[in-house]
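No value in this document is a laboratory result; all are computed from the given coordinates. Model, not experiment: these values are computed from the prediction. Cβ placement follows ideal geometry from the backbone for every residue including glycine, while neighbour counts extend to all protein chains displayed.
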Amino acid sequence: MQKGIPQIMDITSIKYVLYDLSEKVLPSRFETAQQPEPNLIQFCLRGINSQTWIEASWDSDSPRILKINRPEKIGTESTLSKQLRYGLKYMALVTIEQDKFERVIKFGFAKKPGDEIKKYLVFELMGKHSNIFYLDNNQKIIAVGKQIKSNQSSFRVVSTGSIYSEPPSNMKKEPNPNESYEAWKESISLVSESLKYCLINTYQGVSPILTKQLETFSNLESVEIMNKNIDFISETNLKKIYQSWKIWIERFNKNNFNFSIFDNFFYSVWFLKNEIINKDNIDQIDGLENYYNFHIKQKKIEALIKKIDGIIFKQTNLEKKNFKLQSDLLINSENYHIYKKKADKIFMTHEIQKQDIIKGQKLYKKSKKLKRAQNLIKERMNIHKNKLNRLEEFSALLDNLNSLKNENPTTRINLLDEIKVEICREFNLRIKNIREQTKDASGLESSPIEINTPRGLTVQIGRNMRQNDLISFKFSKKGDLWFHAQESPGSHVVLKSSSQIPSDEDIQISADLAALFSKAKMNIKVPINLVNIKDLQKITKGGPGCVSFNNVEILWGNPTRGKDYIKKNLKKAI
């Protein structure tokens, strides 16, 4: 079941959110909107005493609507956000509608409470068919999240200017708290499938996660009851499921909700506090907003790591191919003397014809060309070799970032974004990234790790090329010490020893950290270059973080010791 993380918001969760919102935002004035991602809108409503931010996503993997904390200002220039800010300016949210077990939500906006509704925001949270609509009072579509053409759907066409039509009506049976056990059993027995799909295919509002919740809530001795055919489930267990079913309907109808985590990864909004079976709850997730914030960011991190890995892999193969091509050309150019000997042999003959002279001249010309080409080919080979080394450095930075788990997700996303942009800029790769476009404008940049040595000196650790460059040159002072794994890609580490003389322990822990943040971190010991900052020089055409140095001293760093130290001393929110 972990594959489904984050859990798709089902009808019970939607009603829970809307019930909470109705209590807090009706009525309230629309303030602003932004679109940080293609399938995500965030908008702000101001009540009498407070502001409320709402996030709605029509992403097929995780459609949702949530109350959120004030977000970063990202994506204000999107067309949809501009239309909402312009069209809903000075208007008030006066109604929130959602019909029973339907996943269609309507927000109604008027000039003021009591006036006629002039605009609607409609959210359809239905998996891959999820969408958002901005409508006028005649149900005409002003803006839409996803356009649907006639060749994509036979039921309805969705485009700006057309009249909004609701999704197909749900023809399944409506859950009824008064339905007897016999009638309920008969209804789900009509389809010869597992209990899970019998419930899903028979009743409105039933999702895979609800069936798991019912199974957990029933506290059955047998596991995976929902995956069994109804004919192989005992009457006792089936009656327990039925009792849980009735409790769910009753709490759904009476808006009796409570957020809880169960099975370590999944949440429920209808288990009461004394009914939580699994005590191994995730401490850092104590609400619906935090749940989605945490897990969606984890998915973003995984996607970014996969994307960067793919870029590095593809570019590495390209550079290897180009390097081999130049190597073959070099081997061929080394045969220049063969062509010279052939030409010499022609001109050494006693009887020489005009065509022999032409042939000999061509051979001399080819020999000279190959000889001249050697230096150019070697230069190109060095270029490709340096690019391969840089890609190894990027790979080491990515690996180090992935291995350090005690950073908050936002920090990791920012770092990954920066690493991706650095690679694409350095290798002239095109990149489409809304977040990056807006980040440049807002000046959001990650900071290097700072950690104190046992005697209180600061150690700075670069996590990407920009940070490596900054701590080695811009932030450093005369007297600081620079550490880097010898002949192994990794982070720059700077001990801020300009303020006081470092002890042997300070120097050793800096070396251990340099070993930890290198590609050689799996070794027991790693040779570390120790250089005084004044002996460090920037390589102008080498890209950010490329350095040369003099007067190096070799130390041995212990990655395991560095890992233990950073776990104990690094704050989580960095």
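For the Cα atoms of the chain, what angle does the longest principal axis make with the long axis of helix 354-403, in degrees from 0 to 90, nearest 10?
Compared with the principal axis, the helix lies near 40 degrees.
Take the alpha carbon atoms of the stretch 448-569, find their radius of gyration, then divide it by 2.2 N^0.38 Å using N residues; give the quotient.
Against the compact-globule rule of thumb, the ratio is 0.94.
Could you work out the Kirkwood radius for the stretch 22-120, taking every pair of different alpha carbons, averaging 1/r and inverting it, reported in Å?
Value: 14.0 Å, from the Cα pair sum.
Which of PRO63, CYS546, ILE132 sits farthest toward the positive end of the charge dipole of the chain, with +1 on the Cβ of Lys and Arg and -1 on the Cβ of Asp and Glu?
CYS546
Rounding to the nearest 10 and keeping the result within 0 to 90°, find how far the Cα-based axis of helix 11-25 lies from the longest principal axis of the chain.
80
Of LEU121, LEU401, GLN326, whose Cα points farthest to the positive end of the dipole of the chain (charges on the beta-carbon: +1 Lys, Arg; -1 Asp, Glu; origin at the Cα centre)?
GLN326
Filter the trypsin sites (Lys or Arg not before Pro) in the stretch 1-110 down to the DSSP loop ones having no more than 11 other Cβ atoms within 10 Å, then list what survives. Intermediate results must be reported in sequence, preceding the final value.
Details: sites: LYS3, LYS15, LYS24, ARG29, ARG46, ARG64, LYS67, LYS73, LYS82, ARG85, LYS89, LYS100, ARG103, LYS106; in loops: LYS73, LYS89, LYS100, ARG103.
Answer by residue number: LYS89.
Using 1/(1 + (r/R0)^6) with R0 = 30 angstrom and r between the beta carbons of LYS146 and LYS239, what's the FRET efficiency to the nearest 0.05?
Result of the calculation: an efficiency of 0.10.
I need the Debye-formula profile for the stretch 43-196: one equal scatterer per C-alpha, no solvent, reported as log10 I(q)/I(0) at q = 0.12, 0.14, 0.15, 0.19 1/Å, two decimals.
Each listed q corresponds, in turn, to -0.65, -0.83, -0.91, -1.28.
With label points built 7 Å along Cα→Cβ from the Cα atoms of LYS354 and LYS385, find their separation and express it in nm.
A separation of 4.9 nm, rounded to one decimal place.
Given R₀ = 56 Å, what would the calculated FRET efficiency be for TYR181 paired with GLN139, taking r from the Cβ atoms and rounding to 0.05?
So, using R0 = 56 Å, E works out to roughly 0.85.
Give me the percent relative contact order of the stretch 1-134, please, defined on Cα pairs under 8 angstrom at least 6 residues apart.
Answer for the stretch 1-134 is 22 percent.
Report the antiparallel proportion of the DSSP beta bridges in the chain as a percent, rounded to a multiple of 5.
Bridges in the chain are about 95 percent antiparallel.
For the stretch 185-235, rounded, prolate or oblate, judged on the Cα gyration tensor with a ≥ b ≥ c (square roots of eigenvalues), a/c < 1.5 rounded, else prolate if a/b > b/c?
It is oblate, given that a/c is not under 1.5 and a/b is not larger than b/c.
Calculate, for ARG156 and SER22, the FRET efficiency according to 1/(1 + (r/R0)^6) with r their C-beta to C-beta distance and R0 41 Å; round to the nearest 0.05.
Values: r = 28 Å, r/R0 = 0.69.
Once rounded, the FRET efficiency stands at 0.90.
What do you get for the angle between helix 288-333 and the principal long axis of the chain? Use alpha-carbon atoms, 0 to 90 degrees, nearest ten.
Approximately 20 degrees, to the nearest 10.
Please work out which option in (i) 88, 76, 54; (ii) 112, 74, 60; (iii) 81, 51, 44 gives Cα extents along the principal axes in Å calculated from these coordinates, and answer with its label.
(ii)
Is the C-alpha gyration tensor of the stretch 146-251 telling us rounded, prolate or oblate? Criteria: a/c under 1.5 is rounded; beyond that, a/b larger than b/c is prolate, otherwise oblate.
It is prolate, given that a/c is not under 1.5 and a/b is the larger ratio.
How big is the charge dipole of the chain about its Cα centre, in debye rounded to the nearest 20, if each Lys and Arg gets +1 on its Cβ and each Asp and Glu gets -1 on its Cβ?
Taking the Cα centre of the chain as origin, the dipole is about 3180 debye.
Take GLU221 and THR560, extend 7 Å from each Cα along the Cα→Cβ direction, and tell me the distance between the two endpoints in nm.
4.8
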